[in-house]
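Beneath this line is the structure, given in structure tokens, with notes to follow.
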Amino acid sequence: MEVQTPPIRDISSTVDDHENNLKFMKNVSIPLKSSHLPVRANIYLPLSPDPNARYPVLVTYGPYGKDIPYATFHKGSFDEVNPEHRSKYSCWETPDPVYWTQHGYAIVRADERGLAQSPGFLDTMSKGTSECFFDVVEWAAEQPWSSGKVGLLGISYYAGTQWRVAARRPKGLAAIIPWEGMSDYYRDRCQHGGILSNKFISFWWNRQVLVNQYGKAGRSKLTFPPDGPGARGQEDTMEGDLAEDVLVANRQDQTIDNAKYKFRDQDYYASKEFRLEDIEVPLLSVANWGGILLHLRGNVEGYTWAGSKFKYLRFITGRHDLPFYYHDEVEIQKSFLDAFLKGEDRVGWSVPGKVAPVTVTLRKGDVGFNDAEKEKVYAKREEEAWPIPRTQYTRFYLTPDKDLSLEKPASEPKRVVSYQALGSLEKPQLVQFTTAPFEEETEITGHITAHLNVSMTPTPEESAGEKDIDLFVTLRHYDATGKEIYYTGTAGDPVPLCKGWLRVSMRKTHDENPKNRSYLPYREYFSTDVLSVKANEVYGVDVEVWPTNVVVEKGNRLVFEVGSGDTQGSGIFQHCDEGDRSTARFAGQNHIHFGGRLENYVTLPVIPPK
């Protein structure tokens, strides 16, 4: 893509920081194979008297601005970070240079193409920008201060990009730790079950990315409300500002494109595809049970399909921003990276069978939410595989009396449970199905599916035209007194156990695909997969619900909720675009049908004790 930029010049500088015992090289230009425009990076090296010292390298490549201090980007979060990882060089969702250089690593923190001080075409998560990341990794492996081994370590966006570049197999890449990072751009992030997840995309793009575009005027003066992350205080572009029409021509806008394109076989989504199976390097995928609307699914599926000989899946709890810096979690990061980048394997990561492939955090009890100290009571358990091999997939049947029962319903007259379509977080429209109190403690860990028989009746005003049904499902946990037990969500908000979504016109599954599993239906979401939805016709559908964990104590209950829009726990991850969910197509009544041969059930992964 041809882009307009001012004349590129050398703006690099080097400082020996004796207070923090590191060498800081700012705005180093990294050449790209497919462009005359560089990617610019900050480099942090241990301050050593040996000019020939070489270090393993940790690389991040992302949009948020290598020069924006963490304390400026999100002060509230920075103030809570483990003090071992708070420095003037700390940056949102990336490893702290002072800590890691003290432990013998070099840090390369690169501004993604088209952002901050890196000129070029802004197209986040695309093939083109992943190819630039590829060049950055290979460049880092070849530098005189590099040992030749590169690792990737970072949260969220800095994790999601790891999957993509690792699948391209750059020389020198030796290990990756995608920490809470989606691996499937379409399914995990943009189109949940075929429904546009617009609110987060808008929040993220407008506060954290667009404002940081290369050449944007007035970047250094931008401010945002203090509640949450934002690209505050970025340095102005060193080569100068670009006109607004040039900026528009120099970017692919996610808020526009995700609303415009619906299917994975359209060029926009197809251009972001890659094969997880092509990943070969050692992998530690860290998933957070509370990430029920963005990253959780991607970490699980990324681990499942990666082709790595050495791969590990670790489940954690807590807020999205803080656990990455917890002392014990950093020790795990360091031991993994030391094993594959330094050849110092204190734990056995590089010995087949030495370290359990899966570590599960068990959510038992009501400890509240957004309280890291209280969540320490959650036990951890090692498992030999994912899904857990001894899983007993157990059907809990929905009844027209709104029960959730282990007993298969007997033949009964046809009945319907109805609710209004086009619900929203402000005006939820839903029905709930509740279990009897559990007679014994029961663990549920793994993938969930829901089978529902649904139809819709349009309003008289909207009786003409194409119709559809959006299904929003949620699994909730209540204690013996009837109080709902909440868990820590991405932003420290209270969330239920898990959620799932499906647009009924996208109900087609591909049973022939090896990724189709009994516990996780596989959909291509192609334009050729669209099936009609007619008024008052009943459709049997299987809804993918994201994986979860809970230990249901004796006397507690589970509630399965079916809604026509976002319900409690959705936070900023809402599906409220009026163009995507129009009254003409969706307005009316949604129905769940019972009786005859129709069965509605949720399949839960029950784990018997070892």
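Quick notes on this structure:
- Sole residue being over 16 Å from Leu313 (Cβ atoms) and touching a residue at least 40 places away in the same chain (Cβ under 8 Å), chosen from Arg207, Arg187: Arg187
- Checking the stated criteria, Ala436 turns out to be touching a residue at least 24 places away in the same chain (Cβ under 8 Å), assigned by TED's automatic domain parsing to the domain that holds Gly500 and loosely packed, with under 13 Cβ neighbours inside 10 Å.
- Every residue from the range 506-542 that is of a type in the set (Ser, Thr, Tyr) and in a strand (DSSP E or B): Tyr539
- Positions within the range 362-382 being surrounded by 14 or more Cβ atoms within 10 Å (Cβ to Cβ) and charged (D, E, K, R), in sequence order: Arg363, Lys364, Asp366, Lys374, Glu375, Arg381
- Residue check, Val545 in a loop (DSSP other than H, G, I, E, B) and touching a residue at least 24 places away in the same chain (Cβ under 8 Å): no
- Residues of the range 34-91 classified as of a type in the set (Gly, Ala, Ser), closer than 17 Å to Arg113 by Cα and at pLDDT 95 or above, total: 3
- Verdict on Ile572 being in contact with an Asp or Glu (Cβ under 6 Å, 6 or more places away or on another chain) and farther than 21 Å from Glu461 by Cβ: no
- Which listed residue is at pLDDT 95 or above, surrounded by fewer than 19 Cβ atoms within 10 Å (Cβ to Cβ), closer than 27 Å to Val81 by Cα and among the hydroxyl-bearing types (Ser, Thr, Tyr), from Thr359, Thr399, Thr317: Thr359
- With respect to the stated conditions, Gly65 is under 17 Å from Met238 (Cβ atoms) and in contact with a helix residue (DSSP H, G or I) (Cβ under 8 Å, 6 or more places away or on another chain).
- Output for the range 366-416, where each listed residue is over 19 Å from Ala287 (Cα atoms) and touching a helix residue (DSSP H, G or I) at 6+ places or on another chain (Cβ under 9 Å): Val367, Gly368
- Members of the range 540-560 that are within 23 Å of the chain's Cα centre (by Cα) and under 30 Å from Thr459 (Cβ atoms): Asp542, Val543, Glu544, Val545
- Qualifying residue in the range 137-144 (condition: buried (at least 22 other Cβ atoms within 10 Å of the Cβ) and free of Cβ contacts under 8 Å to residues at least 24 places away in the same chain): no
- A residue that is within 24 Å of the chain's Cα centre (by Cα) and aliphatic (A, V, I, L, M) occurs somewhere in the range 509-523.
Residue-by-condition table, conditions (1) in contact with a Gly (Cβ under 6 Å, 6 or more places away or on another chain); (2) surrounded by fewer than 24 Cβ atoms within 10 Å (Cβ to Cβ); (3) closer than 18 Å to Gln143 by Cβ:
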position	(1), (2), (3)
Pro46	no, yes, yes
Leu58	yes, no, yes
Ser87	no, yes, no
Cys91	no, no, no
Pro97	no, no, yes
Gln102	no, yes, no
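- Selection over the range 564-591 of residues that are part of a strand (DSSP E or B) and either touching a helix residue (DSSP H, G or I) at 6+ places or on another chain (Cβ under 7 Å) or buried (at least 23 other Cβ atoms within 10 Å of the Cβ) (or both) gives a count of 2.
- Residues that are surrounded by fewer than 24 Cβ atoms within 10 Å (Cβ to Cβ), of a type in the set (D, E, K, R) and either under 23 Å from Gly230 (Cβ atoms) or in contact with an Asp or Glu (Cβ under 7 Å, 6 or more places away or on another chain) (or both) occur in the range 156-174; there is at least one.
- Any hit, the range 480-497, residues being modelled with pLDDT of 95 or more, assigned by TED's automatic domain parsing to the domain that holds Thr528 and touching a Leu at 6+ places or on another chain (Cβ under 6 Å): yes
- Among the residues listed as Gly302, Gly307, the single one being crowded, with 22+ Cβ neighbours inside 10 Å and touching an Asp or Glu at 6+ places or on another chain (Cβ under 9 Å): Gly302
- Checking the stated criteria, Lys380 turns out to be of a type in the set (D, E, K, R) and either touching a strand residue (DSSP E or B) at 6+ places or on another chain (Cβ under 6 Å) or in the same structural domain as Tyr99 (by TED's automatic domain parsing) (or both).
- Among the residues of the range 441-468, the one identified as crowded, with 23+ Cβ neighbours inside 10 Å and among the polar types (S, T, N, Q) is Thr445.
The values are calculated or read from the model by the stated rules, or taken from the named source; none is laboratory data. Since we're looking at a predicted model, the values are computed, not measured. Every residue, glycine among them, receives a Cβ derived from its backbone with ideal geometry; neighbour counts consider all protein chains shown.
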